[in-house]
Amino acid sequence: MHRGGQEGYGAMLPTQGRSYIGEAVHLQGAQYCRIENNHFYGVGGNGVYGEGYNLRNVIRHNEINEAGGIGVCLIGSYYSNPAKPKRYPLYNEVVDNYIHDSGVFDKYVSGVFLGLSESNIIGHNRIENMPHHAINLGNSGFGRNIVEYNEIRNVGRESRDKGAINMWMEDPYGLVERNAERSGHVIRYNLIADFESQRLEQGTLKPCNPAFGIYLDNYTSNSFVYGNIVVRSGSVGIYLQGGKNNIVENNIVVDSLCATHMGGWWQPQMEGFMTGNHFTRNIFYNTDDSPKIIHRHIGFTTEPLSDAVGVSDYNVFFSTGGASFSIRESSSPLSAMEESERTYPLWPKYEEIPLDDWRKMGFDTHSVVADPLFVDPTTDDFRLKPDSPALKLGFHPIDQSKIGPRERP
């Protein structure tokens, strides 16, 4: 669990009956410190824990493995009373670290966790073999953090309902207000591969469906999701859970049932909140012949997907097996349904909208169903050949060589 007295824990709140076991390095009120070139191995609690005010510290080129809990955590508090000081991590860098095989005792953890914080960079890390998330930005609409050039592999190995990169914005916690602060995050140029879809149930790992590459959970809004590569991510590449004005652009989603999912977690006062999301210049690529879903949507009651989507266009869709592409409009648990219809797989009911009909609604009119011409997708080389149709639609090439830890100076 976490130390107490901070904000933005989300579902990782300190729990009654548990004790905080500690961390290898504790930062509080620290400025301009460097924690680098260390190996934290087999620590019982967390690796590096920065709480409260921490400014321009650098956590760099460390290896953290077999930790009992989180690899690196930054978390603080924000007082609405202007007479009280703000105490939160600001302008820190968590970069070029190798975090793996942690969460030995606490499975609901991440390699890097940010609670309430602002303007921190989580970049160029390699995070793999984790039971739950790789990176979690906490439950706070205050503050914008940057997650970039991280290499994430084989996470989510013992849990369900998870994202390799995860965040929440249901402020204030437990109440949810439409006009709450939601600054949004920048999530760019990350590689997420082989995000496993399974959970630990009574000591046995079992397959499960809810696994999402990038998870903008619980009204996360105003985020910029750009230039990410999400490969074999489970059920959904990029999940938007009820938020608005998110820009999802220039990403590559490979071998996922859905490119995006929009909607869910129904709070009555938030009906109609999910609007203005953009899905442009992305590549959705699959290597089997099963039907694929571009957008899957679950509204509050009768809200159509066209409310949640502001723009969907200039995308490339392709299946090597010739699979069809459609949009899925699903029923809501708030809609009038018989109790017998709420049992999986009958619930939720859904309607398939063929791509041609979706285009008649004014969406994806410039998008194409065509081979994006990757250099070698069989080896996860997603560089584009010069005559790629994605380039003609304005897709900017993603330099995979810059992803992951950089060499020590």
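The values are calculated or read from the model by the stated rules, or taken from the named source; none is laboratory data. Since the structure is predicted, the reported quantities are computational estimates derived from the model, not experimental observations. Positions of Cβ are generated from backbone atoms using ideal geometry, with glycine treated the same way; all protein chains shown enter the neighbour counts. Ligands, DNA and RNA are stripped out before the accessible areas are found, and what is left, the full protein with its side chains, is counted by its heavy atoms. Shrake-Rupley method; radii C 1.70, N 1.55, O 1.52, S 1.80 Å.
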Applying the selection to segment 28-67, what residues are over 16 Å from V112 (Cβ atoms), in contact with an Asp or Glu (Cβ under 7 Å, 6 or more places away or on another chain) and not in a strand (DSSP E or B)?
G42, E66
Restricting attention to segment 243-273, the residues that are in contact with a strand residue (DSSP E or B) (Cβ under 6 Å, 6 or more places away or on another chain) and either polar (S, T, N, Q) or on the phi > 0 side of the Ramachandran plot (or both) number exactly 7
Of everything in segment 248-288, what is open to solvent by 50 Å² or more (accessible area, probe 1.4 Å), in contact with a Leu (Cβ under 8 Å, 6 or more places away or on another chain) and closer than 19 Å to F325 by Cβ? Give them in sequence order.
R281
Is it fair to say V95 is under 29 Å from P172 (Cβ atoms) and either in contact with a helix residue (DSSP H, G or I) (Cβ under 6 Å, 6 or more places away or on another chain) or open to solvent by less than 10 Å² (accessible area, probe 1.4 Å) (or both)?
no
Any residue in segment 304-321 that is surrounded by 19 or more Cβ atoms within 10 Å (Cβ to Cβ), touching an Asp or Glu at 6+ places or on another chain (Cβ under 9 Å) and at pLDDT below 90?
yes
Just name the residue that is nearest to F142 (Cα to Cα) out of those in segment 89-120 that are touching a Phe, Trp or Tyr at 6+ places or on another chain (Cβ under 6 Å) and hydroxyl-bearing (S, T, Y).
S117
Residue count, segment 142-177, condition modelled with pLDDT under 90, under 21 Å from I238 (Cβ atoms) and open to solvent by 20 Å² or more (accessible area, probe 1.4 Å), comes to 3
Within segment 123-157, restricting to residues that are of a type in the set (V, I, T) and closer than 12 Å to I214 by Cβ, the one that is nearest to the chain's Cα centre (by Cα) is I135
If you take the residues in segment 350-409 that are part of a loop (DSSP other than H, G, I, E, B) and among the polar types (S, T, N, Q), which one is surrounded by the most Cβ atoms within 10 Å (Cβ to Cβ)?
S367
In segment 178-195, anything open to solvent by less than 40 Å² (accessible area, probe 1.4 Å), touching a helix residue (DSSP H, G or I) at 6+ places or on another chain (Cβ under 8 Å) and assigned to a loop (DSSP other than H, G, I, E, B) is listed as none
Selected residue [surrounded by 18 or more Cβ atoms within 10 Å (Cβ to Cβ), among the hydrophobic types (A, V, I, L, M, F, W, C) and over 19 Å from E158 (Cα atoms)] from F40, F113:
F40
Selection within segment 62-79 - surrounded by 24 or more Cβ atoms within 10 Å (Cβ to Cβ) and touching a Lys or Arg at 6+ places or on another chain (Cβ under 6 Å)
G76
